Amino acid sequence: VQLQASGGGSVQAGESLRLSCAASGRSFSGYNIGWFRQAPGSNREFVAAIRWSFGTTYYVDSVKGRFTISKDNAENTVYLRMNTLKSEDTAVYYCAAGRQILSAIRDDYMYNYWGHGTQVTVSS
């Protein structure tokens with residue numbers, strides 16, 4: 001599976017962005033798709049994930065109520081809608097795909113495929 005992440009940019013605090021993660025090579029069917037982010041000097045952090053076959057979603061507490069992960073079956077694409085962005089959301093965002101068990105859905109090392117990152121910069 002090859003992943004292509006896009007949609008990053010520079011915005012003001014309170015604004016929104018939508019990130020996309022498109023798959024090529026095969027369908028997302030059976031995969032967990034996760035979004036992670038890494039700020040300068042910090043470890044990579046789980047942000048959100050969706051189980052493609054079930055549509056169930058998972059979030060880190062800091063983004064609950066602001067971010068929404070969703071999927072488009074026809075486009076074989078996962079989206080991360082980010083509303084009410086804050087300066088602390090500034091990071092490089094990565095999408096990843098894996099077939100791990102549910103209890104490991106937040107663990108980056110359990111994902112097998114990664115896209116290139118897309119930069120999100122939020123100015124206050």
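The values are calculated or read from the model by the stated rules, or taken from the named source; none is laboratory data. Bear in mind the structure is a predicted one, so any value in this text is a computation, not a measurement. When we count neighbours, we look across all protein chains shown, and the Cβ atoms used for this are built from the backbone with ideal geometry, even at glycine. SASA here: full protein model, heavy atoms, side chains in, ligands and nucleic acids out. Shrake-Rupley method; radii C 1.70, N 1.55, O 1.52, S 1.80 Å.
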For the stretch 7-69, place one equal point scatterer on every Cα, skip the solvent, and apply the Debye formula. What is log10 of I(q)/I(0) at q = 0.15 Å⁻¹?
-0.57
Kindly give Rg over Rh for the chain, based on alpha-carbon atoms, with the Kirkwood expression for the hydrodynamic radius.
0.94
With a point put 7 Å past each Cα toward its Cβ, work out how far SER87 is from LEU102 in nm, to one decimal.
3.9
What number comes out for the charge environment of VAL47, summing +1 per Lys or Arg and -1 per Asp or Glu over other residues with Cβ under 15 Å away?
+2
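Report the net charge of residues surrounding ILE33, where surrounding means a beta-carbon distance below 10 angstrom and charges are Lys +1, Arg +1, Asp -1, Glu -1.
+2
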When the accessible area of the chain is computed with all protein chains present and a 1.4 Å probe, what percentage of it is carbon and sulfur?
44
Give me the Debye-computed log₁₀ of I(q)/I(0) at q = 0.15, 0.21, 0.33 Å⁻¹ for the stretch 80-124, equal point scatterers on Cα only, no solvent, two decimals.
-0.50, -0.80, -1.12
Once SER42 and SER24 are pulled to full extension, the length gained, defined as 0.36 nm per residue separation minus their Cα-Cα distance, is 3.5 nm
Return one whole number: the accessible area per residue of the stretch 1-59 in Å², for a 1.4 Å probe.
47
In a shell of Cβ-Cβ distance under 10 Å around ARG81, excluding ARG81 itself, what net charge do Lys and Arg (+1) and Asp and Glu (-1) give?
+2
